[in-house]
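Structure first, then comments.
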Amino acid sequence: MTAAPRATEGVDFASAQLPGRALHDLLARAREAGGLANAKLAGLPARLLTRFDDVRAFLADEERFPGGPIFRSRAVARFVERDLVPLAHEIVDRFAARGEADLVAELTSVLPFHAISRKLGLPQGSEAQQLGWARDTLSYPVTPERALAARAAVTRFLEPIVAERRANPGDDVLSHLLGAEHDGVRMSDEEVFAHVRLLYAVGASTTSDGMSSLFWALLTVPGLLERAQADPAVRPRIVREILRCEPPVSVLPRMAVHGGDVAGETLAPGAFVLVALAAANRDPAAFSDPDRFDPDRPELESMSFGHGEKFCPGSHLGRQQLAAALDVVLERLPGLRLLEAAEPAGAILRRVPRLRVAWDPASAGRRRQTASFAASSTREPTSSFS
Ligand code: HEM
């Protein structure tokens, strides 16, 4: 039994920011040592898992290491692209004529919340509030009172809407959730509230975070912007590569409820495991030259959306949102250039907090008819999780 390496000893992943390379260098040292590393989660001892094969095996073993209740509805997987591009244009319309914007504050923190709200069939105009609630909900390990207050606010917001939708169901995810039966039993209001809270927390904020890193890479990786402008076919690969290099869920906290053997060590029941998706995604045993941003790399599988039974049901929707935002920004903001950027930060949930850009408003393009979107090469082959 190897002594647990010390690189991450004392690092509390619930609050550490570790901007830019700091996270990846720290995880690389732990990965080199292999096995499990000591770390902290909101002040409690935890074990960090870093190697690709170990992470994949742990996530695949739903029986011994269950990841909490399975998300029942796969309705999100049926969200079609038809709505995403017009929505992205709508949001870009708000600042296109200005010639300058913070893409995080005005696009990446907005589009995913609008997308989920629209799909859920929620009234428009409350998206900014929903963003606040979603972020607060995820802050539970660090600020439980704020998370619980956000949780209560979401319930108060949803109660009248759910009552109305039960009486008049529509073609939206909320109606699907209300109509869905599990072993002949319909969901209670509280179960529906929990699902919607989860969709915001794991759906909208992860996508928002991933989208912020996408535009950061586009504007900081040498030659990438020019290549994406010139060759739309590379765009889905750019989306895939940024999700590998800077996964929005960089470290996934799990509890080994029953204990068991992990990476050659026996964990006691109830031990916290920090499943480092960001470390697995840069494991040289799985990716050649892993720290290089390379949209042409042959390796397809990463751990960015988890693995096994709890694999993200919204992965297609998440990738489609990033692709749609990329298409629309490249179409509508000619001469796009970086003014000022912060690096990706956050050890569990990772995002770029600020990205100030400028472009030539005079030649800012009018919307191309979205009808052409269907034909554009950024469209990936759909994979359904129905
Ligand atoms: C780039 C965007 C996204 C990333 C990186 C991402 C990542 C993840 C990861 C790593 C998990 C696995 C958690 C685990 O094993 O415990 C997960 C689960 C989940 N994701 Fe996503 N996700 C994204 C977008 C979405 C979207 C758009 C939705 C829905 C609208 C969504 C809904 C869910 C749900 C419901 C689960 C829980 C699955 C379950 O418990 O069975 N995600 N996501």
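Summary table
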quantity	calculated
Cα gyration tensor category, rounded, prolate or oblate, for the range 171-267 with a/c compared to 1.5	oblate
Relative contact order (%) - criterion: Cα under 8 Å, at least six apart; region: the range 189-326	25 percent
Counting all C-alpha pairs of the range 85-242, share separated by more than 30 Å (%)	27 percent
MRE, 222 nm, helices only [DSSP H, n ≥ 4, -39500 (n - 2.57), over the chain, to nearest 500]	-12000 deg cm²/dmol
Percentage relative contact order, the chain, counting C-alpha pairs under 8 Å, at least six apart	26 percent
Added length on full extension, which subtracts the Cα-Cα distance from 0.36 nm per residue, residue 148 to residue 105	13.0 nm
For the range 191-270: relative contact order, % (alpha-carbon pairs under 8 angstrom, 6 or more apart)	23 percent
Pair residue 128, residue 198: separation of 7 Å Cα→Cβ label points (nm)	3.1 nm
Prolate/oblate/rounded label for the range 319-364 (Cα gyration tensor, a/c 1.5)	oblate
Spin-label pair residue 9/residue 342, simplified geometry with 7 Å Cα→Cβ offset, distance in nm	3.2 nm
Stretch gain in nm, segment residue 53-residue 98, where the contour uses 0.36 nm per residue and the Cα spacing is subtracted	11.4 nm
Cα-based shape type of the range 278-321, given that a ≥ b ≥ c are square roots of the gyration tensor eigenvalues and the cut on a/c is 1.5	oblate
Centroid-to-centroid separation of the range 212-248 and the range 10-43 [C-alpha atoms, Å]	25 Å
Loop sites in the range 239-325: chymotrypsin sites (Phe, Trp or Tyr not before Pro), DSSP, at most 15 other Cβ within 10 Å	311
Cα point-scatterer Debye curve for the range 87-172, base-10 log of I(q)/I(0) at q = 0.11, 0.17 Å⁻¹	-0.39, -0.82
Leading residue at positive end of dipole, the chain (Cβ point charges), from 18, 316, 96	96
Label-reachable residues, the range 330-351, where backbone N falls under 14 Å from a point 7 Å from residue 139's Cα toward its Cβ	none
Modelled label reach - residue 354, point 7 Å along Cα→Cβ, the range 99-123 residues with backbone N closer than 13 Å	102-105
D_trans [Stokes-Einstein, Kirkwood Rh over alpha-carbon pairs] for the chain, 10 °C, 1.306 mPa s, µm² s⁻¹	73 µm²/s
Spatial extent of the range 219-318: Rg and Dmax, with the Cα atoms as the point set, Å	16.4, 54
Selection from 160, 236, 59 lying farthest towards where the dipole of the chain points positive, charges on Cβ	160
With all protein chains modelled, accessible area of residue 188 [1.4 Å, Å²]	50 Å²
For q = 0.18, 0.29 Å⁻¹, Debye-computed log10 I/I(0) when each Cα of the range 106-145 counts as one equal scatterer	-0.52, -0.94
For the range 185-246, accessible area per residue (1.4 Å probe, heavy atoms of protein chains only), Å²	32 Å²
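The values are calculated or read from the model by the stated rules, or taken from the named source; none is laboratory data. All values derive from a computational prediction rather than experimental measurement. Glycine also receives a Cβ, built like all others from the backbone with ideal geometry; neighbour counts cover every protein chain displayed. Remember, those area values only see protein heavy atoms, side chains included, never the ligands or the DNA or RNA. Shrake-Rupley method; radii C 1.70, N 1.55, O 1.52, S 1.80 Å.
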